[in-house]
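Some notes on the structure that comes next.
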Amino acid sequence: MQNFRNYYDILGVPKSASVDELKRSYRKQARKYHPDVNPGNKEAEEKFKDVSEAYEVLADPDKRKQYDQFGQFWRQGGFQNGRTPSRNESYNPDFDRGYGDVDFSQFSDFQEFVDQLLGKFRTSGNDPRDPRTPDPAYSYRSSTQAPPRSSTRRDAEALLNLPLDRAYVGGRERIRLEDGRSLEVNMPAGVMTNQRIRLKGQGPSGGDLYLKINLQPHPFFTLEGYDIRCQLPIAPSEAVLGIQVEVPTLSGLVKLTIPSGVKSGQQLRLSSKGFPKDSRSFGDQYVEIQIVVPKSPSNRERDLYEQLLKVQSFDPRENLGK
């Protein structure tokens, strides 16, 4: 009985604790002992596993009921619904002879039954030095296999907010769930908003967990379908003369030639520099030109603009009202 793990003590809550109390205590201890917070600390890692195991059992109503009733033997199903096991079940025959005439109704729970049963072995006249005498611990483990129980697995869904640039490249992503668990997910490249990723067996009681993707807004890029859109500011002189500039894309900087006489609002296309459609094809990136004038020109710049104003050969309002 020395290996018994008291899940209530591990979580630091009373046996009457509510689900909310269990959750609060688990989150507090999970944050304290999480491997990400204690890298390389084996003791903290073991404590994190202990509190996770304790919460998994106590947060499940069926498991908690079994645990409260049968203690360390809750996984074996306890009294088998209060009946004497039949011979076609996996009980050890020698062990059966030691308690075949026992009235199970006299015991308050399975723990009391086992304690008295082991005491009966010690006083039944069997010589512990006799190799034919069954080992109580071994006999118990081999005789308490419960019949299959109905599954309590449930699927769940969690929202995963993902930066656009991370969604573009994909790869391994470490996420932290609301219950304090930390999972590493191999994210495919090009995931989109409302797409769901299935994590098998990571939901409540062994069910599946579905991550619903939500792509976060990017300060420079806008995603429309598989196309990327952005705005590129240029100076008036660059618009008049034309220039080659470096433009950010999700795959890195690329050179873009701004044609002479480009207009504000005009869009230039970067082929296949958009979002992944599949492993081989991509959308396009559209660069919208924004001609920006200086807010505080230097004296030298002002002089040059004044000279330009005197010699410019075109009237920007020539067609106004026509």
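Laboratory data are not the source of any read-out in this text; all were calculated from the coordinates shown. Computed from a predicted model, the values in this text were never measured in an experiment. Glycine also receives a Cβ, built like all others from the backbone with ideal geometry; neighbour counts cover every protein chain displayed.
Listed here are the pairs Lys23/Lys49; Lys15/Lys49; Lys28/Lys65; Lys23/Lys47; Lys42/Lys212; which of them are more than 22 Å apart at the Cα? Listed pairs above 22 Å: Lys28/Lys65; Lys42/Lys212. A crude spin-label estimate for the pair Glu224 and Leu320, with each label 7 Å from Cα along the Cβ direction, gives 3.0 nm.
Only Lys, Arg, Asp and Glu carry charge here, each on its Cβ (+1 for the first two, -1 for the last two); on that basis region 156-215 has a dipole of about 100 debye about its Cα centre.
Taking 25 Å as R0, compute the FRET efficiency from the Cβ-Cβ separation of Ser264 and Met192 and round it to 0.05. Computed FRET efficiency for Ser264 and Met192: 0.20.
When you restrict to C-alpha pairs under 8 Å that are six or more residues apart and normalise by the size of region 222-311, the relative contact order lands at 33 percent. Restriction of the GluC sites (Glu not before Pro) in region 289-322 to DSSP coil positions whose beta-carbon has at most 13 other beta-carbons within 10 angstrom yields Glu318.
To the nearest 0.05, how large is the calculated FRET efficiency for Asp68 and Asp208 if R₀ is 41 Å and r is the Cβ-Cβ distance?
0.90
Length gained on full extension, Asn41 to Tyr305: 88.4 nm, using 0.36 nm per residue less the C-alpha separation. Gain on full extension, evaluated as 0.36 nm per residue between Arg166 and Gln216 minus their Cα-Cα distance, stands at 17.0 nm. To the nearest whole percent, what portion of all C-alpha pairs in region 156-215 is separated by more than 12 angstrom? Here the tail beyond 12 Å accounts for 66 percent of pairs. Here the relative contact order of region 156-215, from alpha carbon pairs under 8 Å that lie six or more residues apart, stands at 42 percent.
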